[in-house]
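Report on the following structure.
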Amino acid sequence: MEQCPISAGASAAKLDVSQVYRRLKPDAGISLADKATAFLDLLVQESDGPGVSAVRRQEVLRDIQRFGFYEHSPEELLWGCRFAWRHSVRCIGRFFWRQLEVRDARSCGTVEEVAQACVDHISSATNAGSIRSLVTVFAPEHRARHFRIANRQLVRYAGYRGGDGEILGDPGEVELTELCLRNGWAPPGGKGPFDVLPLLVFDSENRCLVREVPRDVLLEVPLVHPEFAWFRELHLRWYAVPIVSDMLLEIGGIRYPAAPFNGWYMGTEIGARNLADRGRYDLLPVIADKMGILDSRERSLWRDRALLELNRAVLFSYGEAGVRIIDHHTAGQLHVSFEEEERALGRPVTGRWDWLVPPLSGATSPIWVRSYDPTEYSPNFYYQPARVFSE
Ligand code: ARG
């Protein structure tokens, strides 16, 4: 049906922003009709958004009454996803929220189609290094058949537990790796520290598909250091695009249990966490040893020196490889610009300080001296319980 969008300025329904936000609190405990209405009211606020016609409002309420659900129009889905990013309290990259693009995959009906759409997402988001922010939205939970992606991210490295308790690869992925192995997967080139895990997709009838990500869509960056020639010999690498795939997208009361989304990396996610955490690749002692500074005395600050060089290597390598990445200083400044815009438009300035402060040089970030409203307003990407896999 043709919709006649009413521009926000012309809409009689335009309400005070803070009142709209009060009805977008995640624990507001309101009915689906109320949630849908609050979302449409938020959409009306958006000056360059699609607007909401009176006819559309009635249609939504009628569908909810008749069927117990409603379907988002492509424009509602697009803006709903953008709001979900804008409201993501853990994300320092929200300055770019308007650039998010949506791939509407609600019509994918089989685990094979879902896996293929995930592969297409990897390829399209990667864009030969000029990373695009994308979300692929699969069937909502009210459909008889919907899906879950077991992977935390579409691309991630396996972690193998050895008999001696040692772990080869990413210790953060041991559980998923074991699930893949139990479902018949074997690493194509034998076990190594950076084996890309296959996609593991389930449908609501518990059909499961294990699918290898084709090599030709995968972009990875070999890590080198601007000065230390030996760094290359460590054979470290990381993948180009972080695509979070296990969170629940909720828009106007409609829940999408599979909606993988991506931005691009901030260097510290790799250099100060994935490769540095003791519970992950734990590489600081290795790097300090190569630098000749490994020391039993913590006060020599060998850890900090190794950490800094590892982070320089990450930013340098992604730059050399032509893969988009942002440093934590620039990201902090852009987040402040985002905050200023939100404040100016009367919207709550949300955030989780403990997530937004970078894990390196925390107090040099403008985030350090700020405080945030931690409310996860709807629409948003929420954590959801890991699927219970019956095997
Ligand atoms: N921190 C996660 C990782 O290191 C990625 C989370 C999303 N990050 C992003 N820049 N969009 O893999």
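Each value in this text was obtained by applying a stated rule to the coordinates, not by laboratory testing. What you see is a predicted model; the values in this text were computed from it and never measured. No Cβ is skipped: glycine too gets one built from the backbone with ideal geometry, and neighbour counts run over all protein chains shown.
Identify, among 192, 221, 151, the residue whose Cα sits farthest towards the positive end of the charge dipole of region 138-263, taking +1 on the Cβ of Lys and Arg and -1 on the Cβ of Asp and Glu, with the dipole about the Cα centre.
151
For region 30-40, take each phi angle, set θ = phi - 60°, evaluate the Karplus expression 6.51 cos²θ - 1.76 cosθ + 1.60, and give the result in whole Hz per residue in order, putting x for glycine and proline.
Taking θ as phi minus 60°, the curve returns 9, 6, 4, 4, 5, 5, 5, 4, 4, 5, 5 Hz for region 30-40.
Output the peptides 125-137, 42-54, 226-238 sorted from most to least packed, where packing is the average of other Cβ atoms within 10 Å over each peptide's residues. Intermediate values should be presented prior to the final figure.
On the way: 125-137: 20.0, 42-54: 18.4, 226-238: 14.8.
Ranking, from highest mean packing down: 125-137, 42-54, 226-238.
With everything on Cα atoms, drop me the angle between helix 74-86 and the longest principal axis of the chain, reported from 0 to 90° to the nearest 10.
The helix 74-86 is inclined about 50 degrees to the chain.
Lys/Arg Cβ at +1, Asp/Glu Cβ at -1, dipole of region 274-391 taken about the Cα centre: which of 300, 275, 374 is farthest positive-ward?
Value computed over the given set: 300.
Give me, ordered by chain and number, the residues 5 or more places off residue 243 or on other chains with an amide H under 5 Å from its own placed amide H.
154, 155
I'd like the Karplus ³J(HN,Hα) series for region 110-115: coefficients 6.51, -1.76, 1.60, θ = phi - 60°, whole numbers in Hz, and an x wherever there's a Gly or Pro.
9, 4, 5, 5, 5, 4
List every residue whose amide H lies under 5 Å from the amide H of residue 49, counting only residues 5 or more places away in sequence or on a different chain, with H placed 1.01 Å from N in the peptide plane.
Here the answer is none, since no amide H 5 or more places off falls under 5 Å of that of residue 49.
Per-residue counts of other Cβ atoms within 10 Å, averaged by peptide: what ranking do you get for 271-282, 206-217, highest first?
Highest to lowest by the protection proxy: 271-282, 206-217.
Quick one: of the DSSP bridges fully inside the chain, what percent are antiparallel, nearest 5?
Percentage antiparallel, nearest 5: 80.
Please give the FRET efficiency for residue 143 paired with residue 344, using the beta carbon to beta carbon distance and R0 = 51 Å, rounded to the nearest 0.05.
Taking R0 as 51 Å, the efficiency between residue 143 and residue 344 is 0.80.
From the residues 119, 39, 163, which one has its Cα farthest along the dipole of the chain in the positive direction, the dipole being from +1 and -1 charges on Cβ of Lys/Arg and Asp/Glu about the Cα centre?
The residue sitting most towards the positive pole is 39.
Let me have the 222 nm mean residue ellipticity of the chain computed from DSSP H runs of 4+ only, each contributing -39500 (n - 2.57), with the sum over all residues rounded to the nearest 500.
So the calculated ellipticity at 222 nm is -9500 deg cm²/dmol.
Taking the Cα centre as origin and putting +1 on Lys and Arg beta-carbons and -1 on Asp and Glu beta-carbons, what dipole magnitude results for the chain, to the nearest 20 debye? Walk me through the numbers on the way to the answer.
Details: 46 positive and 52 negative charges, 91 e Å.
The dipole magnitude comes to about 440 debye.
Taking amide hydrogens as modeled 1.01 Å from N in the peptide plane, which residues meet the under 5 Å criterion relative to residue 236, leaving out close sequence neighbours?
Distant-sequence amide H within range of residue 236: 223.
So for the chain, averaging the separation of alpha carbon pairs under 8 Å that are six or more residues apart and normalising by length, what relative contact order in percent results?
This gives 20 percent for the chain.
Compute from the Cα atoms of the chain the Rg and the Dmax, the latter being the longest Cα-Cα distance, and quote both in angstrom.
22.4, 71
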